[in-house]
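Here is the structure we will look at, set down as structure tokens.
The values are calculated or read from the model by the stated rules, or taken from the named source; none is laboratory data. Every value quoted in this text rests on a predicted model; they were computed, and no experiment measured them. All Cβ positions, glycine included, derive from the backbone under ideal geometry; neighbour counts span all protein chains shown.
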Amino acid sequence: MKKTIRLFALLVVLCLLLGGLSVCAEDAWSEDYYRVIDMTDALSDEERDSLDEDCIALMRAWSVDLALLVATEEDLDGDTPEELADYFYEDCGFGYGSGRDGFMAVYLSDTKTMEIYCYGNASRRLSAGDLRLIEESAPDYEEEYGLWGVLYSVCSYLDSLLEDAQQNGQTTAVPGTGEGEETSSPAKQGGGVARGAAGKPDWYPVDTQNFPFYHDETAPRVVDDADLFSASAEARMEERLSELRRELGKDIVIFTDVSAYGLSHAVYAADFYDFNGYGIGPDYEGICLFICMDPADRGFWTCCTGPVTRDLYTEGAANALDDVLYEYMASAAYTEGVEDWIENVRTLYVKGYPFVPEWYPEPGETVERFHDTSSPRVVDDAGLLTPDQVSALTAQAAAIAEKYGMDVAVHVSDERSGITRQEYSDMYYAVKGLGYGDSFNGILLSVFQMPGYYGTCRVTAQGAIQEKLTEVNLDRLTEKCTGTLEGDKPYQAIRTWLKDVEHLAKTGRVPQSKGYWIGAAVIGLLGGSIVGGIALGIARKKMAAPAEKKTAEAYMVPDTLSVRKLEDRYTHTTTSRKYSPVQSKSSGGGGGGSSYSRSYSGSSGRSHSGSGRRF
């Protein structure tokens, strides 16, 4: 085994030396060796180079080395992962400074396990809990991002945790030792725990690692230490959260403060939740929204606790919730934003998605099909149509339905649902009682568009009309409608779609778009021009050349040439308009984008997930 490792290391060194790299003895570290050693040869050259740059960047930023090793159980050949790490760390000369400080992460790709080892003074930079968090979380990224994602997450986690440790002013990540102004919180003291850790609020325990968790049903669920809400708003929120606690069996907590006291928003939110008796049941199920009003550290973080809450709070749900909340926070509408967030969280718990409408069934609920001839067939929930336009479209749909004996409906949505558009359209058709007869014969156009943004559409059909909706017909229906929506003309798009549906019901096909016929005409003209040009060339070759004249005037026919002054005159002007959709403040991640963690630990060691954003 030792010979194999030495041979592998020698080959790595030789390759790098042949590449022209040089050692700089006076530097605090050597760049002669790749920080990424892949004994499985699963990484591409580009992935390896990218990760190597990330390791070097982290070392330059934090003065501590990082190396990444990928192997399998077979590569160990009886040795431990630590022995393998020690060997490469020593032979490759890794380490920063005279103490050769550094971390080495060993990932066994066949067992999906990771170990991180510390060298020099690196063990004083982060706690064992921080390293355990990386070891447990990094392998989860392989399913979506492959091996590169596992190794990149190590770099990302280390960078974030080292930054937190620096903000805490600590050589190790021992919580509760930062300095700062003390404050108080209405959250109740509990469990006979020693409170008032140095530099922290008075609810903060001195011994965070051995904290006895407890439940406090009487603790306030709105703790506004930053004084963002009026007394009446705070009472209103408190009452609503009490109702939801009874309805959902989950805790929802709102916490504001003027500082995070040297901790990251994620850790401070988790600590507030953990140390003040919040959470329902043995898993302490619940969610806490923390708003930090420190001018130098302003932002919000949502902390989720318990398996049910953490499963629901996916990255997609987190981004959707944060996008909406950010708009309120950035405009200082704190009360409105928090109250809206509370209701969106309720929808997430009840429906499984944060923004699906009330008519959407709950998870596991069976949808019983029925007919409702009285429900409106044209519904605009996005506010894109005028009342007159809705009336006109309703009449057009009704005429088609009566003539061909099938249901015809249109629904316009602002698409903030969280489910796929086709799922949305299919479910709307079912729960709204659409369709005629036992086969629920009919067709629905679902338009998804927010004001100022490009739109798209989906089609749901059942019964006899569905049999005519071939793949070609479906593509034409959706593409023509979407094309007109992109021109910011929802009314015209729906009118055209209804005409196409009528043509489909009558002939069994959807006509081509105007663009198709224009293109066909252009191609025909081009073809005709080519053929005509060839024919003209042939004819010219057959024409006799004129007799040569001695002077240019000899070619002229008397009284046929007239010379006059010419000038440019514009008969009309054309103004071109380019559609530029209104961009949300949070487009592309307002406030720098959301940070999302599927698993992290507070100071107590309890696991949470969450997301947050600066504003």
Hits in segment 363-393 - residues which are assigned to a helix (DSSP H, G or I) and surrounded by fewer than 17 Cβ atoms within 10 Å (Cβ to Cβ):
Pro387, Asp388, Ser391, Ala392
In this structure, does Val174 turn out to be surrounded by 15 or more Cβ atoms within 10 Å (Cβ to Cβ), at pLDDT below 90 and within 36 Å of the chain's Cα centre (by Cα)?
yes
Just the residues that are in contact with an Asp or Glu (Cβ under 8 Å, 6 or more places away or on another chain), under 23 Å from Ser264 (Cα atoms) and either acidic (Asp, Glu) or modelled with pLDDT of 90 or more (or both), please, taken from segment 102-136.
Phe103, Ile116, Glu135
Please give the number of the condition Asp216 fails out of (1) touching a Lys or Arg at 6+ places or on another chain (Cβ under 7 Å); (2) in the same structural domain as Ser601 (by TED's automatic domain parsing); (3) under 30 Å from Thr347 (Cβ atoms).
(2)
Within segment 121-143, how many residues turn out to be more than 18 Å from Ser607 (Cα to Cα) and either surrounded by fewer than 19 Cβ atoms within 10 Å (Cβ to Cβ) or in contact with a helix residue (DSSP H, G or I) (Cβ under 6 Å, 6 or more places away or on another chain) (or both)?
5
Would you call Asp110 over 23 Å from Ser604 (Cβ atoms) and loosely packed, with under 14 Cβ neighbours inside 10 Å?
yes
Given the conditions (1) modelled with pLDDT under 90; (2) surrounded by 15 or more Cβ atoms within 10 Å (Cβ to Cβ); (3) over 21 Å from Arg598 (Cβ atoms), report the number of the one that Gln166 does not fulfil.
(2)
All conditions in (1) at pLDDT 95 or above; (2) part of a loop (DSSP other than H, G, I, E, B) are true of Gly99 except (1)
Return only the number of the condition from (1) in contact with a His (Cβ under 7 Å, 6 or more places away or on another chain); (2) farther than 19 Å from Gly605 by Cβ that Cys303 does not satisfy.
(2)
Just to check your reading of the model, which residue among Leu126, Leu131 is part of a helix (DSSP H, G or I), aliphatic (A, V, I, L, M) and more than 23 Å from the chain's Cα centre (by Cα)?
Leu131
Subset of segment 314-330 that is touching a Ser or Thr at 6+ places or on another chain (Cβ under 6 Å) and closer than 22 Å to Asp251 by Cβ - its residue that is surrounded by the most Cβ atoms within 10 Å (Cβ to Cβ):
Asp322
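Surrounded by 17 or more Cβ atoms within 10 Å (Cβ to Cβ) and over 24 Å from Thr347 (Cβ atoms): which single residue out of Asp271, Asp227, Asp294 fits that description?
Details: Asp227 fails: surrounded by 17 or more Cβ atoms within 10 Å (Cβ to Cβ); Asp294 fails: surrounded by 17 or more Cβ atoms within 10 Å (Cβ to Cβ).
After applying the criteria, what remains is Asp271.
In segment 203-218, what residues are farther than 11 Å from Phe255 by Cβ and among the hydrophobic types (A, V, I, L, M, F, W, C)? Step through it out loud before you land on a result.
Kept after step one, since they are farther than 11 Å from Phe255 by Cβ, are these residues of segment 203-218: 204-218.
If the condition is that a residue be farther than 11 Å from Phe255 by Cβ and among the hydrophobic types (A, V, I, L, M, F, W, C), then Val206, Phe211, Phe213 are the ones that fit.
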Is it the case that some residue within segment 423-442 is within 24 Å of Thr347 (Cβ to Cβ), basic (Lys, Arg), part of a strand (DSSP E or B) and at pLDDT 90 or above?
no
Return a yes/no flag: does segment 408-420 have any residue that is without any contact (Cβ under 8 Å) to a residue 12 or more places away in the chain and in a loop (DSSP other than H, G, I, E, B).
yes
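Here is a yes/no grid of residues against (1) in contact with a Pro (Cβ under 7 Å, 6 or more places away or on another chain); (2) in a strand (DSSP E or B):
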{"site": "Met237", "(1), (2)": "no, no"}
{"site": "Arg240", "(1), (2)": "no, no"}
{"site": "Arg245", "(1), (2)": "no, no"}
{"site": "Phe272", "(1), (2)": "no, no"}
{"site": "Gly286", "(1), (2)": "no, yes"}
{"site": "Val308", "(1), (2)": "no, no"}
{"site": "Ala317", "(1), (2)": "yes, no"}
{"site": "Tyr326", "(1), (2)": "no, no"}
{"site": "Ala332", "(1), (2)": "no, no"}
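So if I check each of Gly146, Gly93, which one is in contact with a helix residue (DSSP H, G or I) (Cβ under 9 Å, 6 or more places away or on another chain) and either outside any helix (DSSP H, G or I) or surrounded by fewer than 17 Cβ atoms within 10 Å (Cβ to Cβ) (or both)?
On the way: Gly93 fails: in contact with a helix residue (DSSP H, G or I) (Cβ under 9 Å, 6 or more places away or on another chain).
Being in contact with a helix residue (DSSP H, G or I) (Cβ under 9 Å, 6 or more places away or on another chain) and either outside any helix (DSSP H, G or I) or surrounded by fewer than 17 Cβ atoms within 10 Å (Cβ to Cβ) (or both) holds for just one of Gly146, Gly93, which is Gly146.
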Residues that are assigned to a strand (DSSP E or B), in the same structural domain as Thr394 (by TED's automatic domain parsing) and under 37 Å from the mean Cα position of the chain (by Cα): does segment 467-486 have at least one?
no
From the list Asp475, Asp438, pick out the single residue that is among the charged types (D, E, K, R), within 14 Å of Gly405 (Cβ to Cβ) and out of contact with any helix residue (DSSP H, G or I) (no Cβ under 8 Å at 6 or more places or on another chain).
Asp438
For segment 212-245, which residues satisfy the criterion of being among the aliphatic types (A, V, I, L, M), over 20 Å from Pro201 (Cα atoms) and touching a strand residue (DSSP E or B) at 6+ places or on another chain (Cβ under 7 Å)?
Met237, Leu241, Leu244
Just give me the residues in segment 57-78 being outside any helix (DSSP H, G or I) and either outside the structural domain of Gly149 (by TED's automatic domain parsing) or surrounded by 15 or more Cβ atoms within 10 Å (Cβ to Cβ) (or both), in sequence order.
Ser63, Val64, Asp65, Leu66, Ala67, Leu68, Leu69, Val70, Ala71
For Ala296, which of the numbered conditions (1) in a helix (DSSP H, G or I); (2) modelled with pLDDT under 95 fails to hold?
(1)
Go through segment 359-372 and count every residue that is closer than 22 Å to Gly437 by Cα and touching a residue at least 60 places away in the same chain (Cβ under 8 Å).
5
